[in-house]
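Chemist: Attaching a single structure in structure tokens format; questions to follow.
The values are calculated or read from the model by the stated rules, or taken from the named source; none is laboratory data. This structure is a prediction, so every number in the text was calculated from the model and none was measured. Heads up, the Cβs are rebuilt from the backbone with ideal geometry, glycines too, and the neighbour counts pull from every protein chain shown.
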Amino acid sequence: MTKLSDTFSVSDLQTKIVTEDILERSSSRPIYLSSVEVVGGETFSTDFFKKLLSPLVENSDYTLGELITNVNSSYSKLVKTDVFKNIGVSLHSDYASKIPSDVKVYNNEKSIPTKVIFDVQAINLNTGEGFFTFNNDDNLNVNLNYLNNNFNENAELVNFGVNYNPYKPNEHLISNGKFVANLNNPSFKFIIDLFNTNQNNQAWQQNMEKSTGGLIGLQYVNTNKSFALLNGVSLAKRTIYDIGDGASDDLKFFGGDYLKLSFVNQLVLSNLTTLNKITNNFPIFGYKVLLSNEISSNQEHENPNNQSAFLKSNIGLNFFKSFWDNKITTHFFNEAGFIYSTGSSKNENNLSNIHISDRFYLGGFNSFRGFTRNSVNTNGGSQFYKSGLTVFAKLPSFIYSPHKISATNVASLEDGLGHEANPLRLYATGLVGNVAENLLLEKNNGVASAGVGLKYINHWANFDLGYFISRRFGNDLSSSGIKDGFQFEVSIGGSNSSL
């Protein structure tokens, strides 16, 4: 989206807002706002624009500076709706309009009749996406997603998604529906997020699981999206069934239906610079911090006396730094979390108080590569950490040069600086981590994994091929869950929208 700065002054007029010469030469004259017009917003309702333009249309008697201030306020609200990719603003003298007789006259100078025109271009408001993802951990995943950015013609978002894996031993069906409505200040958004899941955990935990629930909350996002805060209430019903005879007693304890009520808080701080400003798919500098907290109660549906409460918190830190004209990019990542619980167990802060769906797990292609799904500790834990470093290296130009390949030279993805829209990178990575009931008392000192590979980063077609070696440390030197060798993932997707 073409964005202007949050504020601008009269001196910035020529570069920020298009005006007619007569208005610029008459900056000290009073101005009568005769009309506010919107060009290109036919798909949105009149009420939608009235709400966003309210600081501007509520008054008609202005100085040029005051008018610019209110135009800027309305412009900022239009930007924050996230439904326009281009927004232009212009001021025009409107001598065809008659000034009412009750308009004040200052210093015997007549007001200049003026109209404001907002020229907007909406994004693709209705999009459908589909992806097929295959990796040697989960086999095939099918992702389908439909998004309507202009529900009820008020820029309200409705999103439906499905994630389906039809193949054992990790088959699952996850569906969700989301509704987002802008408040009078579009920085604040009202959110309803519903979900339903069915998944097979027999391969690693000897059970089946299904859950249904949702979240109602309020989210704040600033204009440049560097700060986001979500507060909400979540309610879910979880069911553990088809528990295997060899499952642990800890797992069997949570068989049946359980109800969970949570107060949720999420904070995101982000300041990232990407290689290509159009695709924005490869960070080269900056940081991103995600802090997630919840205070929850968990109660057995058929036995209200069996209940527990817990505080759960985890933080993720990501730092990026590039060298030598972006030929080398480093990514440092760190994640940690803990759960403090009370409940029916005789011991405070005991793992047996925590439902198996609320515990931390590590292992899998997108969690901790080199280990199978959730296999670092299949019982889960109330504490965990994961830390690592990945170094990406650009291939020499005599091996691969994207600007020499016509298939990668899509004009709409060129940022004007010659940066790759969809990078291909060699990488080397190493990470360590552990998950347990108490990391300080844990006899098994954790796990580590290292690998090298090749990765192509493209929203619609990407692949990742790497070779990994993993180990356990401490008293547990077994090979349980270790998956050395080649790790491979490829994803192909399509959409009716353009990126």
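Chemist: Consider only pairs whose beta carbons are under 6 Å apart and that are at least six residues apart or on different chains; among these, list those whose first residue lies in the stretch 239-254 and is under 20 Å from Gln299 (Cβ atoms) and whose second residue is of a type in the set (D, E, K, R) and part of a strand (DSSP E or B).
Modeler: Thr239/Lys210; Thr239/Asp257; Ile240/Glu209
Chemist: To continue, here is another question. Quick one: how many residues across the stretch 358-371 are closer than 12 Å to Ser449 by Cβ and either of a type in the set (Ser, Thr, Tyr) or not in a loop (DSSP other than H, G, I, E, B) (or both)?
Modeler: Residues flagged as closer than 12 Å to Ser449 by Cβ and either of a type in the set (Ser, Thr, Tyr) or not in a loop (DSSP other than H, G, I, E, B) (or both) within the stretch 358-371 amount to 4.
Chemist: Counting residues that are modelled with pLDDT of 75 or more and within 29 Å of Asn182 (Cα to Cα), which helices (runs of 4 or more DSSP H) fully inside the stretch 1-101 reach at least 2?
Modeler: Hits in the stretch 1-101: 46-52, 54-57, 64-80.
Chemist: Tell me which residues, restricted to the stretch 50-64, are in contact with a helix residue (DSSP H, G or I) (Cβ under 7 Å, 6 or more places away or on another chain) and either loosely packed, with under 15 Cβ neighbours inside 10 Å or hydroxyl-bearing (Ser, Thr, Tyr) (or both).
Modeler: none
Chemist: To continue, here is another question. Among what's in the stretch 198-219 and is assigned to a strand (DSSP E or B) and either in contact with a Gly (Cβ under 9 Å, 6 or more places away or on another chain) or not assigned by TED's automatic domain parsing to the domain that holds Asn377 (or both), pick the residue that is surrounded by the fewest Cβ atoms within 10 Å (Cβ to Cβ).
Modeler: Leu218
Chemist: If the requirement is being over 19 Å from the mean Cα position of the chain (by Cα), of a type in the set (Ser, Thr, Tyr) and assigned to a strand (DSSP E or B), which of these qualifies: Ser270, Ser234, Ser262?
Modeler: Ser262
Chemist: Counting only residues that are charged (D, E, K, R) and within 14 Å of Phe319 (Cα to Cα), how many does the stretch 252-295 have?
Modeler: Total satisfying the criteria: 1.
Chemist: Residues that are surrounded by fewer than 19 Cβ atoms within 10 Å (Cβ to Cβ) and at pLDDT below 90: which strands (runs of 3 or more DSSP E) entirely in the stretch 274-357 hold 1 or more of them?
Modeler: 307-323, 328-343
Chemist: Turning to a different aspect of this structure: Any residue in the stretch 229-244 that is out of contact with any strand residue (DSSP E or B) (no Cβ under 9 Å at 6 or more places or on another chain) and of a type in the set (S, T, N, Q)?
Modeler: No, the conditions are met nowhere in the stretch 229-244.
Chemist: Here is a follow-up. Need pairs with beta-carbon distance below 8 Å; first residue more than 9 Å from Gly370 (Cα to Cα) and among the aromatic types (Phe, Trp, Tyr) and within the stretch 467-481, second modelled with pLDDT under 85 and part of a loop (DSSP other than H, G, I, E, B); sequence gap 6+ or separate chains.
Modeler: As it stands, the answer is Phe473/Asn444; Phe473/Asn445, since those pairs meet every condition given.
Chemist: Also, I was wondering about something else. Please verify whether Phe360 is in contact with a strand residue (DSSP E or B) (Cβ under 9 Å, 6 or more places away or on another chain) and within 30 Å of Phe253 (Cβ to Cβ), treating the condition exactly as stated.
Modeler: In short, yes.
Chemist: Kindly provide the set of residues from the stretch 153-174 that are surrounded by 16 or more Cβ atoms within 10 Å (Cβ to Cβ), part of a strand (DSSP E or B) and not aliphatic (A, V, I, L, M), ordered by number.
Modeler: Those that are surrounded by 16 or more Cβ atoms within 10 Å (Cβ to Cβ), part of a strand (DSSP E or B) and not aliphatic (A, V, I, L, M): Glu156, Asn159, Gly161, Asn163, Asn165, His172.
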